[in-house]
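Data block below; observations after.
The values are calculated or read from the model by the stated rules, or taken from the named source; none is laboratory data. Computed from a predicted model, the values in this text were never measured in an experiment. Neighbour counts run over all protein chains shown; Cβ positions are idealised from the backbone, glycine included.
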């Protein structure tokens, strides 16, 4: 009986411990659930999301509507003139009257007819061809607008990443300088440090804090600029900004730019299409010399003569003294202007390719130098200076110089990294062989 009682008590204790453990785990899960939910529900923003959002922002939407309007112009151009229906009454004798009876029996010449203009010289085809080329140019403008918005969004995105890095580094330096200033205050009270050195450390801590405030402001500005390009309401407190920094790649040959790339750029394509549209417009202006014929027929009814009188008409404009010299001259000038714009666009495109290549190579060299040499050495120098100052082996001036060098190096390194990322992404977006998705 005693053994049975002791077993029951042991089982009861085990059950109580298990229930207590389950209760604690339940409370722990309830407390950590919002944290896990916030981490899982946080919206991630990386370079692919930024580029996709920039492809559909308001500027691209306006360019898309312009392309839609140009396509509607093609539908409006590809049609013949409407036929014209004419109804009239004539031969009304006001002196002797029009007679009695119904309207059909009255002595009135009643007529109804249709007139239709026959366009000669392939005017409809040329008009449609010009509108189609303009629509193709508008579509190329849309593609170019997408690339331009993606370039701006990528630049703002990398500025944001650089600002986040600067903010983090400046906050770390400010906290380190604050701790060093607090330690200096204690040493001053203990008589182990002069008042001048303590004041210098306090000033250095305040300067580091001011740099941290400036980095915070740059971060907020980058968020606003990125929001303008992407139409996203970015909140750093609830968003996870993914650092999609491009990896360092080998330098490109200066002869990497190919002439075939020029005709694949959207801005060059738009200029080519506008030259074709201007030439079609010139042919249309020259086709005005071929007069259009207006063909018409009418059915007349006059009760005193006949109820079925047929009339056939042909109208031809007489081009006397003017051969559309003004329209043709203007169209010729538009062709020359479109050709000049094409030559200028091709030259600027070639220059832009070379500029992008040079900027990418220069940024790659600077980024490699900072990442592999300058920044690691600046960190080591700062760490050694702090250790030496703590041990009394160096002066305060050496410590402050090392800290300022590290601070300026961190800022320059962030800007250099952003410059390389911008140049690398711009080269990828503008190079047709590497960016087929933007076509």
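Test residue 321 against the stated conditions and say whether it is over 30 Å from residue 252 (Cβ atoms), free of Cβ contacts under 8 Å to residues at least 24 places away in the same chain and in a helix (DSSP H, G or I).
When the stated conditions are applied, residue 321 does not pass them.
Quick check on segment 218-227. Is at least one of its residues assigned to a helix (DSSP H, G or I), within 30 Å of residue 397 (Cβ to Cβ) and either assigned by TED's automatic domain parsing to the domain that holds residue 428 or modelled with pLDDT of 80 or more (or both)?
yes
Being without any contact (Cβ under 8 Å) to a residue 40 or more places away in the chain and under 27 Å from residue 145 (Cβ atoms): is that true of residue 224 here?
Spelling it out, residue 224 is indeed without any contact (Cβ under 8 Å) to a residue 40 or more places away in the chain and under 27 Å from residue 145 (Cβ atoms).
Can you work out which of the residues in segment 77-109 that are part of a helix (DSSP H, G or I) and surrounded by 11 or more Cβ atoms within 10 Å (Cβ to Cβ) is modelled with the lowest pLDDT?
This residue is 105.
Residues that are closer than 25 Å to residue 111 by Cβ, surrounded by 14 or more Cβ atoms within 10 Å (Cβ to Cβ) and out of contact with any strand residue (DSSP E or B) (no Cβ under 7 Å at 6 or more places or on another chain): does segment 316-327 have at least one?
Scanning segment 316-327 turns up no residue that is closer than 25 Å to residue 111 by Cβ, surrounded by 14 or more Cβ atoms within 10 Å (Cβ to Cβ) and out of contact with any strand residue (DSSP E or B) (no Cβ under 7 Å at 6 or more places or on another chain).
What is the residue count in segment 41-64 for residues that are in a loop (DSSP other than H, G, I, E, B) and in contact with a strand residue (DSSP E or B) (Cβ under 6 Å, 6 or more places away or on another chain)?
1
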